[in-house]
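Single-structure report; data block below.
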Amino acid sequence: MNRPILYSFRRCPYAIRGRLAIAQSGIEVELREIVLRDKPEHMLEISPKGTVPVLLLPDGTVIDESLDIMHWALDQNDSEAWLDADSNQIDQLIKENDHNFKSWLDKYKYSDRHPEHSQSYYRNKCELWLVQLEKLLQQHGGSLLENGKSLADYALLPFIRQFAHVDLVWFNSTDYPYLQKWLEEFKESELFLRVMKKYKPWKELQELIVFPE
């Protein structure tokens, strides 16, 4: 195995995270796009929890947390200085996003599975986080922290994108101009378009896909 193997699912925000950092670092991996209802046996063997992304290194090391994959890639090549911001601030933002906001986001997106409250109730809970992000983006001129976009921006953007696309008409009508611009610039970026290219699901005999192309 000459290249690391990355098991991924195109729309998963955690997997998008991992692909963003790998693409930015320029490290080549073998990409294996999975189908969530039919997960490859090999992926489950190396990471029994069955979630993406999963990165298998040539030496047999398995990295199956999205932030760990981001750090692995950027530790090798961080040409855009994503790691140069205050690490404590980065960690605090990602922790709040992953532990609080993501819980409300899941209930908002799948509100039919959580009938104890209305969808608008869950959306209002999500908005508490959006308000905080809007203030940070306004304060720092379009990035979450000082001196331009950092790991925090790219770790959070896939989740804000997921939130926005639950009801994009509503999101675009809200009074979050900095957040809307931040997300739109991300979605139009060359980096995002590279990591969101569609691939057929991986099978044992399928032609190898090298990512990034």
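Taken over region 13-56, the criterion of being part of a loop (DSSP other than H, G, I, E, B) and touching a helix residue (DSSP H, G or I) at 6+ places or on another chain (Cβ under 8 Å) is satisfied by 27, 34, 50, 51, 52, 53. Condition first: over 16 Å from the mean Cα position of the chain (by Cα) and either assigned to a helix (DSSP H, G or I) or not small (Gly, Ala, Ser) (or both). Now tell me which residues in region 60-82 satisfy that. Passing the criteria: 61, 62, 75, 76, 77, 78, 80. Number of residues in region 176-213 that are in contact (Cβ under 8 Å) with a residue 60 or more places away in the chain and farther than 28 Å from residue 42 by Cβ equals 2. Exactly one residue out of 88, 124, 100, 147 is closer than 21 Å to residue 65 by Cβ, over 19 Å from the mean Cα position of the chain (by Cα) and either in the same structural domain as residue 15 (by TED's automatic domain parsing) or of a type outside the set (Ser, Thr, Tyr) (or both): that is 88. Restricted to region 111-186, the set of helices (runs of 4 or more DSSP H) holding at least 2 residues that are acidic (Asp, Glu) comprises 119-139. Take the conditions (1) surrounded by 14 or more Cβ atoms within 10 Å (Cβ to Cβ); (2) under 23 Å from residue 172 (Cα atoms); (3) over 17 Å from the mean Cα position of the chain (by Cα); (4) not basic (Lys, Arg); residue 152 misses just one of them, which is (3). The set of residues in region 12-38 being among the basic types (Lys, Arg) and modelled with pLDDT under 95 consists of 37 alone. For region 106-122, the count of residues that are buried (at least 19 other Cβ atoms within 10 Å of the Cβ) and in contact with a Ser or Thr (Cβ under 8 Å, 6 or more places away or on another chain) is at least one.
Listed by first and then second residue, the pairs with beta-carbon distance under 7 Å, at least 6 apart or on different chains, first residue in region 158-169 and touching a residue at least 24 places away in the same chain (Cβ under 8 Å) and on the phi < 0 side of the Ramachandran plot, second buried (at least 18 other Cβ atoms within 10 Å of the Cβ) and β-branched (Val, Ile, Thr), are 158/16.
The values are calculated or read from the model by the stated rules, or taken from the named source; none is laboratory data. Source: prediction; values computed, not measured. Glycine gets a Cβ as well: all are built from the backbone with ideal geometry, and neighbour counts include every protein chain shown.
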